[in-house]
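The values are calculated or read from the model by the stated rules, or taken from the named source; none is laboratory data. Small disclaimer: the values here were computed from a predicted structure and weren't measured. Note: ideal-geometry Cβ built from the backbone for every residue, glycine included; neighbour counts use all protein chains shown. Areas reflect the complete protein model, heavy atoms only, side chains present, ligands, DNA and RNA absent. Shrake-Rupley method; radii C 1.70, N 1.55, O 1.52, S 1.80 Å.
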Amino acid sequence: MKENDQTNAVAAVPDQDGHFGPYGGRYVPETLMHPLKELEEEYFRSQQDPKFQSRLQYYLREFCGRPTPLYFAERLTESLQGPRIYLKREDLLHTGAHKINNCMGQILLARRMGKRRIIAETGAGQHGVATATVAAMFGLECVIYMGKLDCERQELNVYRMKMLGAEVRPVIAGQQTLKEAVNEAMRDWVTNVRHTHYILGTAYGAHPYPIMVRNFQRVIGDEAKRQILEREERLPDLLVACVGGGSNAIGLFYPFLEDKSVRLLGVEAGGQGIEPERHAARFQGGSLGVLQGTRSWILQDEHGQIQRTHSVSAGLDYAAVGPEHAWLRDRQRAEYDYATDEQALTACLKLSRLEGILPALESSHALAAILERAPRMSREELIIANLSGRGDKDVHQIAAHLSEGS
Ligand SMILES: *Cc1c(COP(=O)(O)O)cnc(C)c1O
C-alpha cells in the first residue's frame, strides 16, 4: 500500500456522510439536512483556525480546570495485586464530569456561527448543567429538555440549571426520560435552527455530532498519553471507560487507536442482568437499527420498538450506543463488556474507601470491570481507567443501597 492510500484509508472512516462502515450517517428530517451541513462546514473550519483552537484551550484551562491529573491509585493497585492502575481524573473538572469539554467546544462554535440561543437534552441532568454553565458564562439564552420523570429523580440538577439561568422544559411524552427529551430538542431545533444551536451531549446522533463530540473529548486521551509516557515511559496495556452514548470512552480511546499494543475496553450498564428492559448493554441484547439520527446497536424488540432500559446510573441508561463504538467492536479494535448495578455499587464503595475518591456510578462501571480483570493480569502491566465524573450526584442512591445492604 502506498503511503497515500493508507492516509486515505484512515480518512475514509467516517466517510463524508459520517458512516463508520454500516454505522452512523444522517437520518434526520429534510429540514435538518442543511443546518447539519452548515454545522459540519463551520466545525471543520474552526478546526483549522488557530484562534478558535487557542480560545478553546484557554477556556478548558482557565474555566474547566484542564489538564486533569493522571493519578496513580496506589492502594487500589495493592489491594488487587495486579497491574498498576492509573485514574484519569475527569471528576475534578468544573461541574464534575467530562461533559464540559464538549459543551465548551460547542458553545464556542455556536458563537462563531452567530447563534443566540442554546438548547440541549439531558437525562440525569449532568449534560444540562454543563450546558447551562457555558451558556451562562457567555450570556446566551438556554433551554434544556428533560423527561418529567428525570426532573423528579434529579431535582437537584433541575435547580442547578435554573440557578444558572436556564429554562428547564419537562417532557411529558412516552417514558418521560432521555429519549423523549432528545425528540423534543430535535423538534425545537427544526423550528428555531436559524438562531439556535443544539448542544448534543454525547458521541451520538446525526453526522457531524459523533466525530465533533469525539474530537472535543479526545483531549482526555491526548493528555493521558502524554502523562503516562512521562510517568512510566511507556504506553499503557489497557484503557477502560464506561459507555453510555460513548463520549468519555471514545475521548480516551481515540488518540490510542493506532497503538496496537494498547487494548481498549468499554463497559456498558448491565443493570439487573441481561434480560429485556433490565439493562442498557446494547452490545448484549441489541441489534442494528436507526434511532435519533444515526444507525447503530440499539435495544429494540422484534417490531423495532425501542425497549425500556434500566441502570442504576442515569448517564448510561440509553437504548443506543455511539456508531464509532459499533465500528471499533466489529473491527475487534475495542472490546465491550458490562457491569451490573450491584458490581458498580461495590466498585464505587471500594474506590471511595481505598482512595478517598467518590466516583460517579457511571465511572464505577469501568472500575467494576477492573476489579474483575486486574487480579488475572500481570503486575508489569499498566491500566488507565477514565474517572468520567464525581459521585456527589449519586449519594442518595448509594445511601439507599447501603441501608438495604445493612
Ligand atoms: C453522561 C455521563 C456518562 C455517559 O456518557 P458518555 O457519553 O458515554 O461518556 C458517563 N459518566 C458520567 C459521569 C456522565 O455524566
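Side notes on the structure shown:
- Considering only residues in the stretch 358-406 that are under 20 Å from the mean Cα position of the chain (by Cα) and of a type in the set (Val, Ile, Thr), the one that is nearest to residue 96 (Cα to Cα) turns out to be 384.
- When the helices (runs of 4 or more DSSP H) confined to the stretch 11-90 are screened for residues that are open to solvent by less than 30 Å² (accessible area, probe 1.4 Å) and farther than 18 Å from residue 386 by Cβ, those reaching at least 3 such residues are found at 30-47.
- Only strands (runs of 3 or more DSSP E) whose full extent lies in the stretch 211-297 are considered here, and the ones with at least 2 residues that are open to solvent by less than 10 Å² (accessible area, probe 1.4 Å) are 238-242, 263-271.
- Tally, over the stretch 95-113, of residues that are without any contact (Cβ under 8 Å) to a residue 60 or more places away in the chain, within 15 Å of the ligand (Cβ to nearest atom) and open to solvent by 10 Å² or more (accessible area, probe 1.4 Å): 1
- Any hit, the stretch 385-392, residues being among the acidic types (Asp, Glu) and surrounded by 22 or more Cβ atoms within 10 Å (Cβ to Cβ): no
- Selection within the stretch 122-143 - more than 11 Å from the ligand (Cβ to nearest atom), under 20 Å from the mean Cα position of the chain (by Cα) and over 20 Å from residue 194 (Cβ atoms): 132, 133, 134
- Taken across the stretch 193-202, residues that are open to solvent by 20 Å² or more (accessible area, probe 1.4 Å) and part of a helix (DSSP H, G or I) do not occur at all.
- One residue stands out among those in the stretch 354-363 that are in a helix (DSSP H, G or I) and open to solvent by 10 Å² or more (accessible area, probe 1.4 Å): the one that is farthest from the ligand (Cβ to nearest atom), which is 354.
- Selected residue (criterion: nearest to the ligand (Cβ to nearest atom)) from residues of the stretch 364-397 that are of a type outside the set (A, V, I, L, M) and part of a strand (DSSP E or B): 389
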